[in-house]
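The values are calculated or read from the model by the stated rules, or taken from the named source; none is laboratory data. Fair warning: this is a prediction, and the values are worked out from it, not measured in the lab. Note: ideal-geometry Cβ built from the backbone for every residue, glycine included; neighbour counts use all protein chains shown.
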Amino acid sequence: MKLERSTAPAGAIPGAEAPARAQPRRARGFALRKGTVGLIVYFVLLLLPIYWMLNMSLRTNADILARFTLYPADPTLANYASIFSDPAWYSGYINSFIYVSLNTVISLLVALPAAYAFSRYRFLGDKHMFFWLLTNRMAPPAVFLLPFFQLYSTFGLIDTHIAVALAHTLFNVPLAVWILEGFMSGVPREIDETAYIDGYSFPRFFVTIFLPLIRAGVGVTAFFCFMFSWVELLLARTLTTTEAKPIAAVMTRTVSASGLDWGLLAAAGILTIVPGALVIYFVRNYMAKGFALGRV
Amino acid sequence: MNKTYDNRAWFLVLPVFLVVAFSAIIPLVTVVNYSVQDIFGPGERYFVGLEWFREVLRDTRLHEALWRQFLFSGLVLLIEIPLGVAIALMMPRRSGWAASLALVLLALPLLIPWNVIGTIWIIFTRPDIGLLGYAVNSAGIPFDHTAAPLDAWITVMLMEVWHWTPLVALLAYAGLRAIPEAYYQAARIDGASDWAVFRYIQLPKMRGVLTIAVLLRFMDSFLIYAEPFVLTGGGPGNSTTFLSIHLVKIAVGQFDLGPAAAFSIIYFLIVLLFSWVFYQVLQRVGTGDRR
């Protein structure tokens, strides 16, 4: 420890990047050919339902009901046009984005210090606290439906983005603590100690040294928070009426109101896949690395 | 790893405690409050003690929903875990565009809102406009998930496997990526078979992530609501009414707050019991892995 102190300049911890780079190169599978074929078959099956919805979204409802075709014979963007020209539809997307982003930020902000505490210290009731947090990840959202509604009504938060964001912390914060703790435990304690000896205060150490070291973990955590908040519907629908209604709920309302316009429904569905696909694209390089380093 | 004992660490945990307390403890207290009262309207409520619990525990529809739920979650684990591992083994081990593409494709179903998942599968399996429904019916096998309970179950299982197997595959793949190449080289020198490599190198190394996969899949399949609700609405009859669907039917559909709250508490206790068992297993696996 003392030796390192003399050699390591403040702000630059040598070798800190090394563990992340230790990837297996030159990996030749034993049964690559057979495996690749199996994988391609699996991905075709995986994409088939999504393709089918895309197919539907490019056809008018009359066309869908009139004949069965494997691809859109005369594709039309009419369904997408009607979504983008109707505020009731596109505001749903904006609402979803706002509360999902709020939730991701809140979850990360509160989970980061807590995960650090769990990975570095023992304290009174730490095991119980961790378990209690996990139980909330396991709580059925249906159980919390009515009490949430009452609670947020009392605070006048019904139909606001912050209400949904807060409600989603119920399952996202425990998950974030859990994932981040795994990542942080992978960082050697010596790094903390060296930084403290070098005269770093805790906040400065945490932001300038520790966070960059676990940025893959932060990325993966943000990905998970985004994912679980984006896909949840039951709570989001219950806590909103008009102003903050998520796109998923707008879809269910339209389905029940105007009969079933399959083409419109499919187009709205396709549009809900797009943000997810974009997020995956941005974190794709972190994903394999991130999953492997952390405990999740 | 020996950690320092320092109670000041509580200050770091405090924000999490406050946020989760707001969204977990207060609502839970409300549920307990409801569960022991008969509520007619504002200001008109009577203490009934454990009456609702007795009523709910005697409810045969709850029993049916519970067994249905266990069957569903059991099937989910039996199918998704082996399938996910198999897919992870087929994934390209070298990082590059193929691995990136495979990862992006795998993660795609995970980021679709749950009710849209249901919508996708309605569109895909309907006998009149769905590819699967149309194809199976053309082959001479009658298939309609809105009419036959078995068909509904098959559709819900297909949807569930389609939706969540990628998560298991992603976790298993992460576990595989953590195995140093030297292990494979050593195995090749020893002339180990594919099976031996899997059994003695890959499987032990995946034990940690697979435990998490089992835990997550059990929990989430036990709490499933939106997908089967959109796809089948719990029907035909009650054949796909899982616990959450049943609960929402009582709470929102019939607005029986007392029984719904009592049911909620029982539901939560069941999940808590299982999560405690899983947590113990998880801890043991964690320490066993550390050597």
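When restricted to residues that are at pLDDT below 85 and within 12 Å of A:I50 (Cα to Cα), the stretch B:131-155 contains 0.
Suppose the filter is at pLDDT below 80, under 32 Å from the mean Cα position of the chain (by Cα) and within 19 Å of B:I87 (Cβ to Cβ); does A:G29 pass it? Here the answer is yes, as A:G29 does meet what is asked. Taking the conditions (1) modelled with pLDDT of 80 or more; (2) within 22 Å of A:N136 (Cα to Cα) in turn, B:D194 satisfies each one other than (2). Please verify whether the stretch A:221-229 includes one or more residues that are within 23 Å of B:I250 (Cα to Cα) and surrounded by 20 or more Cβ atoms within 10 Å (Cβ to Cβ). Checking the stretch A:221-229: not a single residue is within 23 Å of B:I250 (Cα to Cα) and surrounded by 20 or more Cβ atoms within 10 Å (Cβ to Cβ).
Taking the conditions exactly as written (facing chain A (nearest Cβ under 10 Å), under 23 Å from A:F149 (Cα atoms) and surrounded by 24 or more Cβ atoms within 10 Å (Cβ to Cβ)), does B:Y267 satisfy them or not? Yes, satisfied. Based on this model, can you work out whether B:D144 counts as over 30 Å from B:G258 (Cα atoms), among the charged types (D, E, K, R) and loosely packed, with under 15 Cβ neighbours inside 10 Å? It is false that B:D144 is over 30 Å from B:G258 (Cα atoms), among the charged types (D, E, K, R) and loosely packed, with under 15 Cβ neighbours inside 10 Å. Taking residues in the stretch B:128-148 that are within 11 Å of another protein chain (Cβ to nearest Cβ), and partners anywhere that are basic (K, R), the pairs with Cβ atoms closer than 6 Å and at least 6 places apart or on different chains are B:G133/B:R126. Restricting the stretch B:228-248 to residues that are in a helix (DSSP H, G or I) and more than 10 Å from chain A (Cβ to nearest Cβ), the residue that is nearest to the chain's Cα centre (by Cα) is B:P228.
Taken over the stretch B:168-212, the criterion of being more than 9 Å from chain A (Cβ to nearest Cβ) and touching an Asp or Glu at 6+ places or on another chain (Cβ under 8 Å) is satisfied by B:V168, B:R207. Quick one: would you say B:L57 is in contact (Cβ under 8 Å) with a residue 40 or more places away in the chain and within 7 Å of chain A (Cβ to nearest Cβ)? When the stated conditions are applied, B:L57 does not pass them. If you go through the stretch A:57-71 and keep only what is crowded, with 17+ Cβ neighbours inside 10 Å and either of a type in the set (D, E) or more than 32 Å from the chain's Cα centre (by Cα) (or both), you end up with A:T60, A:N61, A:D63, A:I64.
Test B:D128 against the criterion of being modelled with pLDDT under 85, over 30 Å from B:F278 (Cα atoms) and among the charged types (D, E, K, R), and give yes or no. It is true that B:D128 is modelled with pLDDT under 85, over 30 Å from B:F278 (Cα atoms) and among the charged types (D, E, K, R). Of the residues making up the stretch B:1-13, those that are facing chain A (nearest Cβ under 7 Å) and either under 16 Å from A:T135 (Cα atoms) or part of a helix (DSSP H, G or I) (or both) are B:N7, B:A9, B:W10, B:L12, B:V13. Remark: pairs (first residue in the stretch B:169-181, within 10 Å of B:A213 (Cβ to Cβ) and modelled with pLDDT of 85 or more; second residue among the β-branched types (V, I, T) and crowded, with 22+ Cβ neighbours inside 10 Å; Cβ separation under 7 Å; 6+ apart in sequence or on different chains) = B:A169/B:I87; B:A172/B:V85; B:A172/B:V209. When the residues of the stretch A:238-269 are filtered to those that are outside any loop (DSSP other than H, G, I, E, B) and surrounded by fewer than 21 Cβ atoms within 10 Å (Cβ to Cβ), the one that is modelled with the highest pLDDT is A:T252.
Residues are listed down the side, and each one gets a yes or a no for (1) surrounded by 13 or more Cβ atoms within 10 Å (Cβ to Cβ); (2) more than 14 Å from chain A (Cβ to nearest Cβ); (3) at pLDDT 85 or above:
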position: B:P15; (1), (2), (3): yes, no, yes
position: B:Y34; (1), (2), (3): yes, no, no
position: B:D38; (1), (2), (3): yes, yes, no
position: B:F47; (1), (2), (3): no, yes, no
position: B:L78; (1), (2), (3): no, yes, yes
position: B:P82; (1), (2), (3): no, no, yes
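Among the residues of the stretch B:249-264, the one identified as in contact with a strand residue (DSSP E or B) (Cβ under 8 Å, 6 or more places away or on another chain) and more than 9 Å from chain A (Cβ to nearest Cβ) is B:G258.
Quick grid of which residues meet (1) farther than 23 Å from B:L71 by Cβ; (2) of a type in the set (S, T, Y); (3) modelled with pLDDT under 80; (4) buried (at least 19 other Cβ atoms within 10 Å of the Cβ):
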{"residue": "B:A213", "(1), (2), (3), (4)": "no, no, no, yes"}
{"residue": "B:F218", "(1), (2), (3), (4)": "no, no, no, yes"}
{"residue": "B:Y225", "(1), (2), (3), (4)": "no, yes, no, yes"}
{"residue": "B:V230", "(1), (2), (3), (4)": "no, no, no, yes"}
{"residue": "B:I250", "(1), (2), (3), (4)": "no, no, yes, yes"}
{"residue": "B:G286", "(1), (2), (3), (4)": "yes, no, yes, no"}
{"residue": "B:D289", "(1), (2), (3), (4)": "yes, no, yes, no"}
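Residues in the stretch A:141-169 that are closer than 25 Å to A:L180 by Cα and surrounded by fewer than 22 Cβ atoms within 10 Å (Cβ to Cβ): A:I162 only. Annotation for the stretch A:201-218: at least one member residue is surrounded by fewer than 22 Cβ atoms within 10 Å (Cβ to Cβ) and assigned to a loop (DSSP other than H, G, I, E, B).
Scanning the stretch A:231-245 for residues that are more than 16 Å from the chain's Cα centre (by Cα) and not basic (K, R) gives A:L234, A:L235, A:T238, A:L239, A:T240, A:T241, A:T242, A:E243, A:A244. Looking across the stretch A:179-194 at every residue that is over 21 Å from the mean Cα position of the chain (by Cα), of a type outside the set (D, E, K, R) and in a helix (DSSP H, G or I), the one that is farthest from A:T242 (Cα to Cα) is identified as A:T194. Which ones in the stretch B:92-120 are more than 7 Å from chain A (Cβ to nearest Cβ) and not in a helix (DSSP H, G or I)? Selection gives B:P92, B:G96. All of (1) within 7 Å of chain B (Cβ to nearest Cβ); (2) closer than 29 Å to B:F222 by Cα; (3) buried (at least 18 other Cβ atoms within 10 Å of the Cβ) hold for A:S107 with one exception: (1).
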